[in-house]
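**Q** First the structure, which I've put down as structure tokens, then a few questions once you've had a look.
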């Protein structure tokens with residue numbers, strides 16, 4: 001009797017479909033959420049890139065965040081970084097304007113304008129709200145554009161670079177474990193324009 005029961009039980013395939021479904025379901029869900037995660041990751045990459053671009057567009061037409069560019073008393077007349085002392089009207093070489101990096105902690109040269117920095121960050125956050133002020137760095141580097149003694153301050157028009165660092169992505173597939181995926185750092189550069197005001201057109 002027992003042997004017959006085992007034989008009948010072994011040949012019973014009424015629940016085979018449910019068992020197969022239970023085996024395949026986790027893999028199918030992992031694949032589905034993986035595809036969704038790849039799409040969300042690409043979307044967030046695009047958001048961060050656009051936020052960086054719009055941040056630098058804002059930064060080049062509004063008040064500089066360092067006093068090295070907003071102080072009207074600074075002049076390059078007599079500067080010898082380019083060789084001979086610059087005279088009024090001489091082109092200012094890139095070497096005359098060493099790179100300045102500004103973060104929430106201050107600027108490597110000059111004084112940080114907290115309001116101007118906050119305005120740039122607010123513009124970035126319009127396109128990517130996850131960006132914290134501590135992730136943003138604004139860099140000014142010599143471009144070779146500008147004339148010593150130019151009455152339209154600042155005399156130089158440096159290359160402005162916005163960097164967003166330490167961005168992370170929270171995938172659905174790792175949400176149960178609190179896992180995150182690091183994203184690349186983002187940067188975008190433009191040459192300084194009028195550098196005046198707090199609103200971009």
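**Q** With respect to the numbered conditions (1) free of Cβ contacts under 8 Å to residues at least 24 places away in the same chain; (2) over 17 Å from residue 195 (Cα atoms), which one is the sole condition not fulfilled by residue 73?
**A** Failed condition: (2).
**Q** Same structure, new question: Of everything in region 95-143, what is part of a helix (DSSP H, G or I), at pLDDT 95 or above and touching a strand residue (DSSP E or B) at 6+ places or on another chain (Cβ under 8 Å)? Give them in sequence order.
**A** Within region 95-143, 117, 120, 121, 124, 134, 135 meet the criteria.
**Q** Here are 167, 157: which of them is farther than 30 Å from residue 40 by Cα and crowded, with 20+ Cβ neighbours inside 10 Å?
**A** Working: 167 fails: farther than 30 Å from residue 40 by Cα.
Testing whether each residue is farther than 30 Å from residue 40 by Cα and crowded, with 20+ Cβ neighbours inside 10 Å leaves just 157.
**Q** If you go through region 36-45 one residue at a time, do you hit one that is buried (at least 18 other Cβ atoms within 10 Å of the Cβ), touching a residue at least 40 places away in the same chain (Cβ under 8 Å) and in contact with a helix residue (DSSP H, G or I) (Cβ under 6 Å, 6 or more places away or on another chain)?
**A** Yes, the conditions are met somewhere in region 36-45.
**Q** Also, quick follow-up: If I ask for residues that are modelled with pLDDT of 80 or more and closer than 14 Å to residue 171 by Cα, which ones from region 1-33 would you list?
**A** 31, 32 - these are the residues of region 1-33 that are modelled with pLDDT of 80 or more and closer than 14 Å to residue 171 by Cα.
**Q** How many residues does region 70-108 hold that are surrounded by 16 or more Cβ atoms within 10 Å (Cβ to Cβ), closer than 14 Å to residue 159 by Cβ and over 23 Å from the mean Cα position of the chain (by Cα)?
**A** Of the residues in region 70-108, 5 are surrounded by 16 or more Cβ atoms within 10 Å (Cβ to Cβ), closer than 14 Å to residue 159 by Cβ and over 23 Å from the mean Cα position of the chain (by Cα).
The values are calculated or read from the model by the stated rules, or taken from the named source; none is laboratory data. Owing to the predicted nature of the structure, the values given are computational and were not obtained by experimental measurement. For neighbour counting, all protein chains shown are included, and Cβ atoms are generated from backbone atoms with ideal geometry for every residue, glycine included.
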